[in-house]
Amino acid sequence: MPQTPLSVSHPAVRRGVNAGPWSLGWVLVVLAVLAFYPVVFRNFLTLGVTIVLFAGMATAWDVLGGWTGQLSLGHAVFVGIGAYTMALLVLRAGVAPWWGAMAGVGASVVVAAMWGAVTFRLRGPYFALASIAVAEMTRIVANNWASLTGGAEGVSLPSLPRFLGLDLFSRRVEFYIALVLLGLAVVAASWLQRSRFGYHLQAIREDEDAAMAVGINPTRDKVLAFLASAALTSLGGSLYGIFLGFFEPRGMFSLDLSVQLALMAYIGGVGTLFGPLVGAGLLVGGSEVLRIYFPGKSLFVYGLLIILVVLFAPDGLGTVVRRVRRV
Amino acid sequence: MSEVLRTEQLRKLFGGLVAVNDVEFAVEEGEIVGLIGPNGAGKTTFFNLVSGAMRVSSGRIFFQGREITHAPAYQRAELGIGRTFQIMKPFPRLTVMENLLVGAYLRHPNRHAAVRWAAEVIEMMGLAEFASASARSLTTAGRKRLEVARALTLSPTLLLLDEVVAGLNPVEAEGTVELIRRIRDRGATIIMVEHVMRVIMGLSDRIVVLANGSNIAEGTPQQVATNPDVITAYLGTHEGRDARPQATWSPGTPAGENHSARDDTGPTLALRRVQAAYGDVQVLWDVSLEVRPGELVALIGANGAGKTTTLRTVARLLRVRDGEVQFGTNRLDQMSSHDVVNLGVAMVPEGRQLFNQMTVEENLLTGSSLARTRTLRRTNLDRVYTLFPLLRERRRQEASTLSGGEQQMLAIGRGLMSAPRLLMLDEPSLGLAPTIVEEVFRVVQDIRREGITVLLVEQNVQQALRIADRAYVIESGRIVLEGPGPELLQSAEVRRAYLGI
Amino acid sequence: MVEFIQIVVNGIFTGGVYAIIGIGLSLIFGVMRIVNFAHGVFLVVGMFTTLFFFERLHVDPFLVIPLVVLVGGLLGVIVERSLLEPIARAPEHASILMTVGIGLVLSNVLLFTFGDAPQIINTRYSTSTWHLGPITFSTALTISFFLTVVVISGLALLLGRTDLGRAIRAAAQNADAAELQGINTRRVRSLVFGMGFALAALAGALLLPQLFAHPSIGPTYTLKAFIVTVLGGMGNVAGAIGGGLLLGITESLGAAYVSSSYRDVFGLAAFLLVLLLRPAGLFGRSRT
C-alpha cells in the first residue's frame, strides 16, 4: 500500500488516535524530573524510594487492573515471590540478587499463567474474590513452610554483592533502580495506550462481548496481560526485598499490600500513564506526613482518600494528567 | 453467486423455552435479507447464535461452506462475520477513532495501515467530526452508526445488523438506509433485524419471518406483507372470537354503559406531550393521551415504538424528561414509583417480573405492601383467588414452578392486590398459547367490569382493539392515531404502522 | 470418637457465629449488589462497642448486646445513606473501593480510640464450663450459641413471615417489580445495610469471649464472611447458615486433624473450588 497521508482531512481523525511520540515524551520528562529527587531531597531518600517503587508496582498492577479491567486483590503474591525467590537464591545458593530477581520473574510468570487460566472465566466481583483467596492461601503456605521460606521468623539479607560496582543497600542506588523499574512499567503502559495489543486489552475492559465480536480472544489476551503485570510486579518485589533487608510472609504476601497497589492506581486514575504514580505519591507521601503526627495510624489517610476519590473524582485524581496527554 | 450462510435445524433452548426452533436459513452472496417477527420471535437470539455470542442447543451453522457451529465468537469475526448489538456496546471510554482502530487492527496489523483503514471507515460513516470524542459522548444516532462502523472495520463478508434504525429520527434513519445500501454495493452480504417496517420492506431483497422461534414465511417484501400467516403473527388472531363468551357490550355503543360497577368519579390519567429517554436514548418524543375513569384504553404500535416506555414513565420507573403526567389532581411525574402505586396506579409489567423464589401467596401479599392496602389484604386475596381459582390451589408453590399462563395470572393478581383504580397491563398475552390468550382477555374484561380503569399495551392488536373502548397508536415515540377500538380495527393506518405498507 | 464429637461441637458453635456474619453479607449483596469489603471491620466495631460498654458501664457483655446491635444498625444506616447511596449507580469497582475505604477508616478510628493492645474480656464465667457426658462446653460459648440460634430463628421469621421480610426479598429478586408493588426500595437498601452492620456487630460481641479484640483483625473476618457466602451462594440467606456451619466445622476438624497453622487454608480452598465449580453456592440453584 502506498504511504500516502490519510485520505481524510478532518483534524479530529488525527486527534482521535494517540498521536504517538507525545506520550513517550511526557514519560521521559517525568522520569527526568524524578531523577533529580535524590539531589534535592537528600534527607528523604527512603520516602523517595518507597514512592517510586510503589509507583512502579502500582503501574504494573494497572496493566491488568486498569488497562485490562480485571480487578486483582492478590498482587502481593508476586511481590512476595519476587522478594523470596531473590532472597532465598542469594542465601541458599549464593546466586547474585539480579539473577535471583530474574528467577523470581520466571516463577511469577508460571504462577500467573496457572492462576489466570483457572480464574479468568470468572467475571465481576468473583475474579476479585478469587484473587484474594489465592493470595491468602499463598501467604499461609509461605508462613508455615518454614524449611523453605524461614516461616514467620522471616528472612534477612545480611550482605549483597555489588551491582555494577554499586552498593545495593544504598538508598540512592535503590532509588535509581526503582526509577528504572518505574520507567519500564510506564513505557509498557504508554505502549498499551497505542499498540494493537493495548487496544485489545482496552476493548476487553470496556466490553468483553463487543471485543470478541471484533475478533479478540479475551482469555488469551487477559492471560498475557496478567503475565506482563506479574513479571513487572515481581521485579518490584525483589527490589522491595532488598530495600527492606528483612521481611516476613505476613508483610510480603499481605492483603493490605495487594489492596494498597490497587488503591494507588485507583486514586491516581486507572488505565492512565501517570495515575499510579500520582496515587503512590499521594498515599505514601500522605501517610508519611500522617505518621509524623499520628504514629502508626497511616492507613487512615488511605481510607479517607479512597472514599473522597470514589465520591468526587471517580476517574481518579490523575485524570488531570490524562487530559494533558490529549493535548 | 455462492452461499454465504446456511443454518441447519438450528435450535436454542433457554430452560424449557424454545427461543429458536429448527430454523433453516440460507443467504446468498450480495443479498440483503430482512429478518422480521413480533417481539420474542427469536431474531436477536438467532444473531447471537450466528455470531457465536451464544452456543447452539442443536443444529449446525455453515459460513461460506465451512462449519462454524462451535467456533468461538472471535474466530467467526476473523472469518468475516461482523455484527452490531441491539443494546449498543461501544467501547465507551475510547475515542470514536480508537473504537474503530480496535477492529481495523484485525485486518491490518501494521499501525499505519490500520489507522488509514479506520479513517476511511470513519469518513464513509460520516463520523469524522466525532473522531476524537469519546464513544460515550455520542448521541443514539452516533452510537448506532459507530456500531455499524466498528463491524465494517472487519471488512466483513457477512454483516448482521440488529436494529440500527429503530430509535433514530427520520432524517437520521434516511442517512442510515443510504449507508446500508452503500455497504452492500461494496460487496457485503447483509442480514438485518429491524422494527421500522418501512425501512426493512424498502431495503430487503428477501424477507424471512420468524414467530415463536420458527421460520413461518419467506419471500419478497410484497409476498410477505400480504401473507395471512404473517399478518396473524403481527396483528393477532381472530380465532376464538366465537368460542369465548360474547362480550357484554357491542361494538359501536359507548362501551362503559354496560358496566354498572363503574366509578365515574375516579381520577383521569392524562399525559401531555411527554418525552422520556433511557440515558441518551430518547424513546418518547411526543406522547399525549388520556384514560378516563372506567375506560379500557389500548395502546398499540410496533415493537420499539415506545409502548412499554410509556407505561414505565407513568409508573415512574423512568424519569419524565419533559411534559406532564397527571392522575386526577396529582402530578405523577414528580413522585417516586412507590408513591404512584399508593395513589392507586398499578402496573403489571411485561414478562411478568414475578418474585420467582417466593410462593404464589407471598407474591400476592407483596402486592399489598402499602399501609393503605394491608387492611384490605384478606378481602383482596379472596377476590384474586375467586378470579383465579388455580392460584388458590397453588398458593404454596414457588412462582417459578408455574406455567407461563399461570404466571401471567399471578402477575395480574399481584397487581390487583394493591387495590388499584387504574391498572396498566404490559403485553399480558406475550408468549402464551392461544387458549390462554383468550383467558387473559376475558380476565382483562372482568377486571374493568369491576370498575377498574385499564390501560392495555398489547401486541395482539386485533383482540386488544376488539375489547378496547378507545385506542391510541404510537409510532416511533409519537402518538399518531386515536379512535374507538373497533373503528381502528378496520384502519389501514394500523396495518401500515405494523407492517410498513 | 469423643474427641471427634467435641471438635464438631466446637465447630458448630463457631460456625453459628460465622453464619450470622455471612447472612448479613449475603443480605447486602442480594439487595444492593455490593460486595462489602468492610464487613469484618463492622464485626470489630461490635467487639469494641461491647468492650466499651462493659468497661465503662460494668454491665455483663451479654446484656449490652441489644445496645451493640442498635449502635451497629445506626452506623450502618448512616454509612449507607451518606456513602453508598450516592454511588448506587456507579460501576461495580466503585462500591468495592468504597467499602475498602470505609473499612480502613473505621479500623483506624478504632485504633485511635482504643489503642494497639489486644484486649480481652474477663467475666466471672469466662473460664467456666459444663459437661454433657464426656463433652465439655464453655459456658460463655454456650450462651453465645443459644443467642445465635435465637437470632437466626428470629431472622428466618422476619424474612419469611413479615411484610418487611417479603419486601426485602422482593427488592433482592427484582427491584423494579418491588417498586411497582409500592415498596420503597431505597429505604429497604438502607435498612438492609443497617441490618448487615448490626448482625456483624452482634457476631463480634458473640465472638468476644473466645478472642482477643484488636482493630486489625477485620480483614480476617471479611474473608470468612466471603467464604461463608460463596459456599452458601452469594445472596442466598438460607445458604449462608449452611456455609457458616460448614466453615466452622471444616476449620475445627482441619485444625485438629491436619494442622492448626493451616487452619484457614481449608476454608479458602473450599471457597476457591466453589467459586470455580459451583458459583451459585452449594445450597441452592443459581439465581438470575
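Taking the criterion of being more than 30 Å from A:TRP145 (Cβ to Cβ), in a loop (DSSP other than H, G, I, E, B) and within 12 Å of another protein chain (Cβ to nearest Cβ), the residues of segment A:251-295 that qualify are A:GLY269, A:VAL270, A:GLY271, A:THR272, A:PHE294, A:PRO295. Within segment A:169-180, one or more residues are acidic (Asp, Glu), open to solvent by less than 10 Å² (accessible area, probe 1.4 Å) and modelled with pLDDT of 90 or more. All but one of (1) modelled with pLDDT under 95; (2) in a loop (DSSP other than H, G, I, E, B) hold for A:ILE216; which doesn't? With respect to (1) modelled with pLDDT under 95; (2) in a loop (DSSP other than H, G, I, E, B), A:ILE216 is out only on (1). Each residue in segment A:215-250 was checked for being within 14 Å of chain B (Cβ to nearest Cβ), open to solvent by 10 Å² or more (accessible area, probe 1.4 Å) and among the basic types (Lys, Arg), and 1 of them qualify. Going through (1) assigned to a helix (DSSP H, G or I); (2) within 9 Å of chain C (Cβ to nearest Cβ) one by one, B:LEU364 falls short only on (2).
Reported count of residues in segment B:369-383, each being more than 9 Å from chain C (Cβ to nearest Cβ) and outside any helix (DSSP H, G or I), is 2.
Annotation: B:ARG55 fulfils all but one of (1) more than 11 Å from every other protein chain (Cβ to nearest Cβ); (2) closer than 20 Å to B:THR157 by Cβ; (3) out of contact with any Asp or Glu (no Cβ under 7 Å at 6 or more places or on another chain); the unmet one is (2). Among the residues examined, A:LEU148 does not qualify as more than 30 Å from C:SER95 (Cα to Cα), crowded, with 18+ Cβ neighbours inside 10 Å and either acidic (Asp, Glu) or more than 11 Å from every other protein chain (Cβ to nearest Cβ) (or both).
For the structure I just gave you, tell me whether A:VAL118 is over 17 Å from the mean Cα position of the chain (by Cα) and of a type outside the set (Lys, Arg). Yes. Of all the listed residues (B:ARG442, B:ARG396), the sole one being more than 29 Å from B:ALA471 (Cα to Cα) and touching a residue at least 12 places away in the same chain (Cβ under 8 Å) is B:ARG396. Of all residue pairs spaced 6 or more apart or on separate chains, those with beta-carbon atoms under 8 Å, a first member in segment A:28-48 that is without any contact (Cβ under 8 Å) to a residue 24 or more places away in the chain and a second member that is among the aliphatic types (A, V, I, L, M) are A:PHE41/A:LEU47.
Pairs linking a residue in segment A:226-246 that is under 15 Å from A:LEU88 (Cβ atoms) to a residue that is open to solvent by less than 10 Å² (accessible area, probe 1.4 Å) and of a type in the set (Ser, Thr, Tyr), with Cβ atoms under 6 Å and 6 or more positions apart or on different chains, are A:SER234/A:SER108.
Away from every other protein chain (no Cβ under 14 Å) and in contact (Cβ under 8 Å) with a residue 24 or more places away in the chain: is that true of C:THR50 in this structure? Yes, satisfied. Here A:LEU89 meets the list (1) within 13 Å of chain C (Cβ to nearest Cβ); (2) crowded, with 18+ Cβ neighbours inside 10 Å; (3) in a helix (DSSP H, G or I) almost entirely, failing just condition (1). The number of residues in segment C:204-218 that are surrounded by fewer than 24 Cβ atoms within 10 Å (Cβ to Cβ) and facing chain A (nearest Cβ under 10 Å) comes to 1.
State which residue is surrounded by the fewest Cβ atoms within 10 Å (Cβ to Cβ) when the search covers only segment B:30-74 and only residues that are over 18 Å from the mean Cα position of the chain (by Cα) and assigned to a helix (DSSP H, G or I). Restricting to residues being over 18 Å from the mean Cα position of the chain (by Cα) and assigned to a helix (DSSP H, G or I), the top hit is B:TYR74.
Let's see how each residue does on (1) under 18 Å from the mean Cα position of the chain (by Cα); (2) acidic (Asp, Glu); (3) modelled with pLDDT of 90 or more:
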{"residue": "A:ARG250", "(1), (2), (3)": "no, no, no"}
{"residue": "A:LEU255", "(1), (2), (3)": "yes, no, no"}
{"residue": "A:SER258", "(1), (2), (3)": "yes, no, yes"}
{"residue": "A:MET264", "(1), (2), (3)": "yes, no, yes"}
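Within segment B:75-84, how many residues turn out to be surrounded by fewer than 20 Cβ atoms within 10 Å (Cβ to Cβ) and at the interface with another protein chain (Cβ under 7 Å from one of its Cβ atoms)? Summing the residues that are surrounded by fewer than 20 Cβ atoms within 10 Å (Cβ to Cβ) and at the interface with another protein chain (Cβ under 7 Å from one of its Cβ atoms) in segment B:75-84 gives 1.
With respect to the stated conditions, C:SER107 is small (Gly, Ala, Ser), open to solvent by 10 Å² or more (accessible area, probe 1.4 Å) and closer than 28 Å to C:ALA255 by Cβ.
Scanning segment A:301-327 for residues that are assigned to a helix (DSSP H, G or I), modelled with pLDDT under 80 and crowded, with 21+ Cβ neighbours inside 10 Å returns A:VAL301, A:TYR302.
The single condition among (1) modelled with pLDDT under 90; (2) surrounded by fewer than 24 Cβ atoms within 10 Å (Cβ to Cβ) that C:ASN236 does not meet is (2). Looking only at segment B:413-434, decide whether some residue is away from chain C (no Cβ under 14 Å), in a helix (DSSP H, G or I) and either open to solvent by 60 Å² or more (accessible area, probe 1.4 Å) or at pLDDT 90 or above (or both). Within segment B:413-434, one or more residues are away from chain C (no Cβ under 14 Å), in a helix (DSSP H, G or I) and either open to solvent by 60 Å² or more (accessible area, probe 1.4 Å) or at pLDDT 90 or above (or both). Filtering segment A:129-136 for residues that are at pLDDT below 90, over 18 Å from A:ILE242 (Cα atoms) and surrounded by 19 or more Cβ atoms within 10 Å (Cβ to Cβ) leaves a non-empty set. Residues in segment B:317-332 that are more than 22 Å from C:ALA178 (Cβ to Cβ) and over 26 Å from the mean Cα position of the chain (by Cα): B:GLY328, B:THR329, B:ARG331.
I'd like the full set of residues that are outside any loop (DSSP other than H, G, I, E, B), within 21 Å of A:MET212 (Cβ to Cβ) and open to solvent by 40 Å² or more (accessible area, probe 1.4 Å), limited to segment B:85-116. Hit for segment B:85-116 is B:ARG107, nothing else.
The values are calculated or read from the model by the stated rules, or taken from the named source; none is laboratory data. This structure is a prediction, so every number in the text was calculated from the model and none was measured. Glycine also receives a Cβ, built like all others from the backbone with ideal geometry; neighbour counts cover every protein chain displayed. For the accessible areas, the whole protein counts, side chains as well, though only heavy atoms, and no ligand, DNA or RNA atoms are used. Shrake-Rupley method; radii C 1.70, N 1.55, O 1.52, S 1.80 Å.
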